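K.L.:
Here you go, one structure.
The values are calculated or read from the model by the stated rules, or taken from the named source; none is laboratory data. Every value quoted in this text rests on a predicted model; they were computed, and no experiment measured them. All Cβ positions, even for glycine, are placed from backbone atoms using ideal geometry, and neighbour counts span all protein chains on display. Keep in mind that these areas ignore ligands, DNA and RNA; they rest on the heavy atoms of the full protein, side chains included. Shrake-Rupley method; radii C 1.70, N 1.55, O 1.52, S 1.80 Å.
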Amino acid sequence: MARHLVTSALPYANGPIHFGHVTGAYLPADLHVRALRQRGEEVLYVCGADEHGVAITIGAEKDKVPYPEYVARWRDEIKQTFDAFDIRFDVWSGTSICPEHAATSQEFFRVLDGKGYLQVKQTEQLYCEHDRMFLADRYIVGTCHECGHEEARGDECPKCGQWLDPLRMPKTACKVCGNAPVRRSTTHWYLDLPKLRDEGLGRWFADHAWKPNVRAFVGNMLEDLQPRPITRDMGWGVPVPVDLARGESGKVLYVWFDAPIGYISFTKEWARSQGRPDEWRRWWQDAGTRLVHFIGKDNIPFHCVVFPAMLFGMGEPWILPTDVPANEFYNLQGGKFSTSKGWTVPVAEFMGKFDAQATRFHLAASMPENSDSEWRFEDFQTTNNSLLADVVGNLAQRVLRFLEKNFDGRVPEVPAHLVEELDRAILEECGAFGDPIEELLQTRFRRAAEVFIQNGRVANVYIDRLAPWALKKTDPVRCGAVLATACEWLVWMARWMAPFMPKKAQALWEQLGLAGRADEVMAQAMPSMGAWRTLTAGAKLGTPIGLFPKIEDAAIAAEIEALKARART
RNA sequence: GGCGGUGUAGCUCAGGGGUUAGAGCAGUGGCUUCAUAAGCCACGUGUCGGGGGUUCAAAUCCCUCCACCGCUACCA
């Protein structure tokens with residue numbers, strides 16, 4: 001049994017997150033973590049906001065609020081979204097507030113420098129005197145040096161598609177203020193990625209199992225690797241250690257250098273809060289830890305090359321990622337999610353009208369695991385109505401209501417002579433069932449959702465075959481035994497449901513009259529003949545209430561209309 | 001431009017060199033009535049994007065073409 005250190009990409013604290021982020025990097029991690037816990041594994045789930053970088057300074061200045069206030073606002077807003085989705089981290093922090101973050105980041109810089117993995121280079125860059133900052137390529141607009149297009153961005157020309165060098169562009173302007181930037185020389189530190197690759201990172205990557213999208217992308221990247229600058233000229237970020245700055249001032253670590261270190265500093269923060277400040281080493285410096293990063297595909301270069309290179313460069317005993325199950329992108333109703341264009345689903349508003357638990361399930365069932373996928377309101381309705389309500393919710397209802405009406409709301413007895421027959425009936429004769437928890441452990445989320453529903457079908461088939469309503473008059477004892485067996489299956493349904501929809505699972509658990517929690521550690525992985533029943537005959541059941549209310553067509557139509565209306569304004 | 005992905009039943013997708021290509025949803029017919037007009041059973045259709053090649057055999061491998069999409073790391 002390994003220790004599992006699970007991370008989700010640190011959300012950038014300059015805007016809200018949407019369903020795409022949730023299903024890309026957070027929900028899968030949460031599902032994986034819950035499945036691990038249910039199997040009794042030791043898990044730590046780490047996340048927090050990424051709060052440095054030039055985009056944040058620009059955003060804050062635009063809003064006329066101090067940087068710390070700006071990031072705090074988004075940090076809290078984003079956290080509320082996670083809370084709404086029942087995504088539960090063991091630690092949630094932020095790179096600008098975590099007390100351990102700056103020192104940890106500087107330690108990385110110091111060690112990598114000491115080991116010769118950093119290079120110092122002087123280059124010319126465009127500098128905006130008005131905004132007093134060096135301009136990243138995307139903050140430059142100007143004339144394309146290839147085709148003469150006048151509104152090219154500094155990194156790429158939208159017209160001819162050429163990759164641009166801002167220093168060669170005949171005419172440029174700062175995208176923020178519109179003024180013409182000047183050339184200015186500056187010094188920066190570069191992470192020597194080719195050297196790290198050649199000294200072992202390349203082998204590490206080659207020897208590892210990866211999702212196909214990750215392998216293809218990184219494999220290419222490793223062939224043509226350049227040293228990468230890891231410092232910037234700005235006042236917001238982790239400062240380059242003074243004693244290593246070679247007399248330079250105003251240098252901070254590049255946001256992508258310090259952001260992944262957040263996983264480590266947040267772990268330290270968590271350890272300290274537990275009263276065991278050294279505990280973090282067990283998670284980051286012990287080969288028994290399995291480190292898994294959940295990210296969207298846009299983060300692949302950083303989590304599969306840059307950050308591993310940094311960890312590798314730190315040397316023993318630091319561990320490297322075990323797996324990076326990157327997802328593709330999630331679209332919305334035929335288009336890309338775009339907060340600025342209004343093509344998005346405001347989470348708080350949505351949660352006021354629809355069920356967060358069912359939403360989790362639908363996001364899992366439509367997750368962009370192997371290719372881009374999308375949220376469609378009609379599909380959400382189908383998942384909720386035809387799968388969750390009809391197959392699973394109604395299953396619980398038909399069993400529990402029957403017992404409520406005819407058996408005083410108690411678990412009937414299963415006479416010894418019927419146990420084997422009924423075990424065989426439901427476990428062997430009503431169709432194949434699978435283990436959703438195992439699928440979640442294997443990070444096959446769509447499959448997990450599918451298997452869960454299939455397991456509900458098995459019990460529906462069982463009930464139809466055994467027809468307890470017919471037995472009611474002819475053989476009440478057998479009727480009770482049939483239903484008690486169905487109840488046992490519902491106990492398993494609640495367990496299987498727990499990672500996907502923890503609150504619904506708990507509700508079902510209580511309807512079954514059970515104390516404790518539906519997500520408690522499972523004593524065995526799957527039901528098996530003669531060894532899967534846990535209920536006590538005569539135990540009082542809870543009150544059956546429909547778990548999944550149907551969603552009306554009109555509600556879906558209204559959402560689609562509202563989405564279109566938002567996009568127009 | 002480079003790299004990569006996708007293209008399989010009306011829809012969403014799974015599968016992946018070898019018996020008659022699968023699931024769910026939607027549709028049709030039947031059964032049932034415990035249940036959220038729920039459940040169960042049965043049924044249909046597919047040139048597996050086009051073309052070429054390898055092979056005893058390809059949806060599955062190779063080449064090419066077409067369509068759509070993503071990424072292209074000094075913006076997170």
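K.L.:
All but one of (1) closer than 22 Å to residue A:26 by Cβ; (2) in a loop (DSSP other than H, G, I, E, B); (3) open to solvent by less than 80 Å² (accessible area, probe 1.4 Å) hold for residue A:74, so report the exception by its number.
P.N.:
Result: residue A:74 passes all but (2).
K.L.:
Oh, and also: Before we move on, is residue A:449 surrounded by 20 or more Cβ atoms within 10 Å (Cβ to Cβ) and within 12 Å of RNA strand B (Cβ to nearest atom)? Even if it seems obvious, please write down each step before you answer.
P.N.:
Numbers: surrounded by 20 or more Cβ atoms within 10 Å (Cβ to Cβ): yes; within 12 Å of RNA strand B (Cβ to nearest atom): yes.
When the stated conditions are applied, residue A:449 passes them.
K.L.:
If only one of A:60, A:9 is open to solvent by less than 10 Å² (accessible area, probe 1.4 Å), within 16 Å of RNA strand B (Cβ to nearest atom) and more than 20 Å from the chain's Cα centre (by Cα), which one is it?
P.N.:
Being open to solvent by less than 10 Å² (accessible area, probe 1.4 Å), within 16 Å of RNA strand B (Cβ to nearest atom) and more than 20 Å from the chain's Cα centre (by Cα) holds for just one of A:60, A:9, which is A:60.
K.L.:
So in segment A:364-420, with the set limited to residues that are part of a helix (DSSP H, G or I), over 15 Å from residue A:449 (Cα atoms) and among the aromatic types (Phe, Trp, Tyr), which one is nearest to RNA strand B (Cβ to nearest atom)?
P.N.:
A:402
K.L.:
If the requirement is being in contact with a Gly (Cβ under 8 Å, 6 or more places away or on another chain), open to solvent by 30 Å² or more (accessible area, probe 1.4 Å) and in a loop (DSSP other than H, G, I, E, B), which of these qualifies: A:235, A:178, A:275? Don't jump to the end; show me each part of the working.
P.N.:
Numbers: A:178 fails: in contact with a Gly (Cβ under 8 Å, 6 or more places away or on another chain); A:275 fails: in contact with a Gly (Cβ under 8 Å, 6 or more places away or on another chain).
One residue alone meets the criteria, A:235.
K.L.:
Here is a list: A:203, A:215. Which entry is assigned to a helix (DSSP H, G or I) and within 25 Å of the chain's Cα centre (by Cα)?
P.N.:
So the residue among A:203, A:215 that is assigned to a helix (DSSP H, G or I) and within 25 Å of the chain's Cα centre (by Cα) is A:215.
K.L.:
Oh, and also: Only residues that are in contact with a Gly (Cβ under 9 Å, 6 or more places away or on another chain), farther than 27 Å from residue A:195 by Cβ and not in a strand (DSSP E or B): list them for segment A:278-334, please.
P.N.:
A:282, A:328, A:329
K.L.:
Still on this model: Please go through segment A:101-137 and pick out each residue that is more than 11 Å from RNA strand B (Cβ to nearest atom) and part of a loop (DSSP other than H, G, I, E, B).
P.N.:
Residues satisfying the conditions are A:115, A:116, A:117, A:129, A:130, A:131, A:132.
K.L.:
Restricting to segment A:346-356, and then to whatever is out of contact with any Lys or Arg (no Cβ under 9 Å at 6 or more places or on another chain) and over 18 Å from residue A:383 (Cα atoms), can you tell me which residue is surrounded by the most Cβ atoms within 10 Å (Cβ to Cβ)?
P.N.:
Within segment A:346-356, the match that is surrounded by the most Cβ atoms within 10 Å (Cβ to Cβ) is A:347.
K.L.:
Counting just the residues of segment A:138-155 that are open to solvent by 70 Å² or more (accessible area, probe 1.4 Å) and touching a Cys at 6+ places or on another chain (Cβ under 9 Å), which one comes out farthest from RNA strand B (Cβ to nearest atom)?
P.N.:
A:150
K.L.:
Please enumerate the residues belonging to segment A:522-543 that are surrounded by 11 or more Cβ atoms within 10 Å (Cβ to Cβ) and within 33 Å of the chain's Cα centre (by Cα).
P.N.:
Once the filter is applied, which keeps residues that are surrounded by 11 or more Cβ atoms within 10 Å (Cβ to Cβ) and within 33 Å of the chain's Cα centre (by Cα), segment A:522-543 yields A:522, A:525, A:526, A:527, A:532.
K.L.:
Sticking with this one: Which of (1) surrounded by 18 or more Cβ atoms within 10 Å (Cβ to Cβ); (2) among the basic types (Lys, Arg); (3) modelled with pLDDT under 95 is the odd one out, the single condition residue A:473 does not satisfy?
P.N.:
Checking residue A:473 against (1) surrounded by 18 or more Cβ atoms within 10 Å (Cβ to Cβ); (2) among the basic types (Lys, Arg); (3) modelled with pLDDT under 95, the one that fails is (1).
K.L.:
Now a separate question. Please verify whether residue A:482 is away from RNA strand B (no atom under 16 Å from the Cβ), in the same structural domain as residue A:443 (by TED's automatic domain parsing) and in a helix (DSSP H, G or I), treating the condition exactly as stated.
P.N.:
No, not satisfied.
K.L.:
Follow-up question, since we're still on this one. Could you check segment A:181-198 and list, in sequence order, the residues that are more than 12 Å from RNA strand B (Cβ to nearest atom), without any contact (Cβ under 8 Å) to a residue 60 or more places away in the chain and either surrounded by 14 or more Cβ atoms within 10 Å (Cβ to Cβ) or among the small types (Gly, Ala, Ser) (or both)?
P.N.:
A:181, the sole residue that qualifies.
K.L.:
Return the only residue of A:335, A:296 being near RNA strand B (Cβ under 10 Å from one of its atoms) and under 19 Å from residue A:33 (Cα atoms).
P.N.:
Being near RNA strand B (Cβ under 10 Å from one of its atoms) and under 19 Å from residue A:33 (Cα atoms) holds for just one of A:335, A:296, which is A:296.
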